[in-house]
1. Residue 110 to residue 148: extension gain in nm, 0.36 nm per residue of separation minus the Cα-Cα distance?
2. Assuming 0.36 nm per residue, please report the length gained on full extension of the stretch residue 76 to residue 32 beyond their Cα-Cα distance.
3. Contour minus end-to-end for residue 177 and residue 158, with contour as 0.36 nm per residue of separation and end-to-end as the Cα-Cα distance?
4. In nm, give the distance between the simple-model label positions of residue 88 and residue 137, each being 7 Å from the Cα along the Cα-to-Cβ direction.
5. So how far apart, in nm, are the two label points at residue 307 and residue 227 if each is 7 Å from Cα heading toward Cβ?
6. How big is the equivalent ellipsoid of segment 248-313 along its three axes, where each semi-axis is √(5λ) from the Cα gyration tensor, reported in whole Å from largest to smallest?
C-alpha cells in the first residue's frame, strides 16, 4: 500500500471514528433528556404514586404499610436525591420494579415490545407501498389523474390516526364484521390497527415522493433512459424512483417515532397488547419506573431507526456517502 493510500485510509477511519463517537454521545444525550423529562413530569403530576405500589386507587392500606412502601421505593428522599438515584440505576442498566404490575420493568417491556414493533413495521411497510404506488401511478400523468392522486394524498395526510382507528373499528369490525374488534395476536386482527397508522403516513410520504418524482422526471438521466426506448413505467420504477424516494427515506426515522407514539391510542382502541397500551396504563396510575422504562425503549427505537435510515439513504443514493466523506 502506498503512503498516499495509507494516509487516505487513515483519514477515512478517523472520520468514521469521529462520526461514530458523535452518534454515541448524541444517543446518550437523547436518552438522558428523555429519562429526565419523564421523571420530573411524573413527579410533578398531581396524584399519589404510593397508591399504585399498594394496589391502585381501590386499595385501603394502613398508615404503616404506606410508610414502609414510601421508604422501600425511596419516595421519602428529596426530589433531587430521587433523581440522582434514578440516573445511577439507569446507568447500571436497572429499570427498577413496576409499581402497578409488581415485576421487573424489563420483563414487562420484553413481553410487550414484540407486538408494538410488529405493528410499527407493518404500518411503515404498508405506508411506503401505498405512497410509492400513488406517486408512480399518478405523478406527471394527465391533469385529472394527477389531481385525484394529489387530493387523495392530502386528505389522507390530514386524518387523525386515532379518529381513523375509531372509524375503521366502527365500519369494518362492528358494521361489516370483516375483522375482529379486538386485535389480539392474529393476522386478521393486525389489519385495522395497521391501516389506522399507515394511511395518514402514506398520504404524507406520497406528497413528498410525488414532488421529488416530478423533479426527477426532468433530470438528464431520465431523458437518456427514454431515448434508449425504455417504457414509461420502466423509467419511473428503475431510474426516477430511486432519487424520488430519498427525501421520504430521510423522514422515515421521524415517521417510526411518530407511529410508536400514536400506537398508544391505537393499541388502546383495538385492545391490542403492546408498549402503547402498557404506557397508557402506567401513566394513568403514575407507575414511574414502568413509564420511564417504556419511554427509554421508544427513544432507543427512534435512535436505532435513525441509524438504519442513514444506511438506507446511502443505499438509495450512494452520492451521499461521497459528500459525507
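1. Details: separation 38, 0.36 × 38 = 13.68 nm, distance 4.40 nm.
9.3 nm is the gain from fully extending residue 110 to residue 148.
2. On the way: separation 44, 0.36 × 44 = 15.84 nm, distance 2.36 nm.
Length gained between residue 76 and residue 32: 13.5 nm.
3. Contour length minus the Cα-Cα distance gives 4.2 nm.
4. 6.1
5. 4.5
6. Sorted largest first and rounded, they come to 25, 14, 7 Å.
Taken together, the values in this text are just the output of simple stated rules run on the coordinates, not laboratory data. Not measured: the values here are computed from a predicted model. Because the Cβ atoms are built from the backbone with ideal geometry, glycine has one as well, and the counts that use them run over all protein chains shown.
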